[in-house]
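For reference, the structure is listed below as structure tokens.
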Amino acid sequence: MLTLGIVNTYDKIKVLDAHYRAIARAAPICYAFGFSLALFDFPFKMTADELVEYVTDKTTIGESGKYLKMLHEKRHLFVFDLPKKGFQSQLGSVVVTTSKPEKKLSITTEAIADDIIHNKSFLILVGLGRKGLPKDLFSLAKHHLDITSQGVSLETCTAIGCIPAHIMGIVHTKNSGK
């Protein structure tokens, strides 16, 4: 399973436009490229059904939440608190996205693509907020990924679109060469 995990680093109590807009933007990307969507530490005190309804009422993005509904119906939408000791193992190997990967934990998109071809699962984490991912999550990750390979920091929604597209483009290219 491939999962894009969005970690909220904005307000933990109040729901902001940035919260539901990021979800609405991520859903069609996840759907198009075969990823599940996991939300961590969002300030929603509602069930997944209520969350889908809330987001679809608030946005026209992603055909007014059509793809979020489809992810939810296929059980590819998850809402979790931020884990203290480790992420859910069923989501796969944890990869943090950063423009400054630790050299010994750095992984390339090509290596991830090779592992995907061999049916390995990944949870790829992106931080939602000015601070990026909390640094304590880095120690919970098996790998660090700089999607640009050049140390370029990307805005959250740019990264949300870029990461699955780039990785799955490599997977499709490698598979078409077989």
Rh (Kirkwood; distinct C-alpha pairs) - the range 55-178, Å
15.9 Å
Hand me the trypsin sites (Lys or Arg not before Pro) from the range 1-86 located in a DSSP loop with no more than 11 other Cβ atoms within 10 Å, in residue order please.
LYS12, LYS14, LYS45, LYS74, ARG75, LYS84, LYS85
Sorted by accessible surface (1.4 Å probe, heavy atoms of the protein chains only), largest first, ILE163, ILE116 come out as ILE116, ILE163
Return the FRET efficiency for the residue pair SER176, MET46: r is the Cβ-Cβ distance, R0 is 41 Å, and the value is rounded to the nearest 0.05.
0.45
Quick query: amide H of SER93 versus all other amide H atoms, modeled in the peptide plane; which residues come in under 5 Å with a sequence gap of 5 or more or a different chain?
SER121, PHE122, LEU123
Ordering VAL55, VAL79 by the accessible surface of their heavy atoms, 1.4 Å probe, largest first, yields VAL79, VAL55
Cα gyration tensor of the range 125-176, axes a ≥ b ≥ c as square roots of the eigenvalues: rounded (a/c below 1.5), prolate (a/b > b/c) or oblate?
prolate
Per-residue HN-Hα couplings for the range 40-53 [Karplus 6.51, -1.76, 1.60; θ = phi - 60°; Hz; x = Gly/Pro]:
10, 6, 7, x, 8, 9, 8, 6, 4, 4, 5, 5, 4, 4
What's the extension gain from GLU110 to ASP81 if we count 0.36 nm per residue and subtract their Cα-Cα distance?
7.4 nm
If ligands, DNA and RNA are left out, what is the accessible area of SER139 with a 1.4 Å probe, given in Å² to the nearest 10?
100 Å²
Charge dipole magnitude, Cβ of K and R +1, D and E -1 - the chain, Cα centre, debye nearest 20
340 debye
Rolling a 1.4 angstrom probe over the protein chains, ignoring ligands and nucleic acids, what is the accessible area of LEU37 in square angstrom, nearest 10?
0 Å²
The ³J(HN,Hα) series, computed from each phi in the range 92-109 with the Karplus coefficients 6.51, -1.76 and 1.60 at θ = phi - 60°, rounded to the nearest Hz and given as x for glycine or proline, is x, 5, 7, 10, 8, 9, 7, 7, 10, x, 6, 3, 6, 10, 5, 10, 9, 5
Do you know the relative contact order of the range 88-156, to the nearest whole percent, from alpha carbon pairs under 8 angstrom that are 6+ apart?
54 percent
Where does each of TYR67, TYR10 land when they are ordered by accessible area, with a 1.4 Å probe and the largest first?
TYR10, TYR67
What's the Cα-based Rg to Rh of the range 5-49, Rh via Kirkwood?
0.97
Roughly what % of DSSP beta bridges within the range 92-178 run antiparallel, to the nearest 5?
0 percent
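Would you mind calculating the relative contact order of the chain from Cα pairs under 8 angstrom and at least 6 residues apart, reporting the percent as a whole number?
30 percent
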If I model a spin label as a point 7 Å beyond the Cα along the Cα-Cβ vector, how far apart are those points for SER89 and LYS12 in nm?
2.7 nm
With runs of 4+ DSSP H residues as the only contributors, calculate the mean residue ellipticity of the chain at 222 nm using -39,500 (n - 2.57) per run, divided by the residue total and rounded to the nearest 500.
-13000 deg cm²/dmol
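The values are calculated or read from the model by the stated rules, or taken from the named source; none is laboratory data. Note that the structure is a prediction, hence the values are computed from the model and not measured. Quick reminder, even Gly has a Cβ in these numbers, built from the backbone with ideal geometry, and neighbours come from all protein chains shown. Just so you know, the surface numbers come from the protein's heavy atoms only, side chains and all, with ligands and any DNA or RNA stripped out. Shrake-Rupley method; radii C 1.70, N 1.55, O 1.52, S 1.80 Å.
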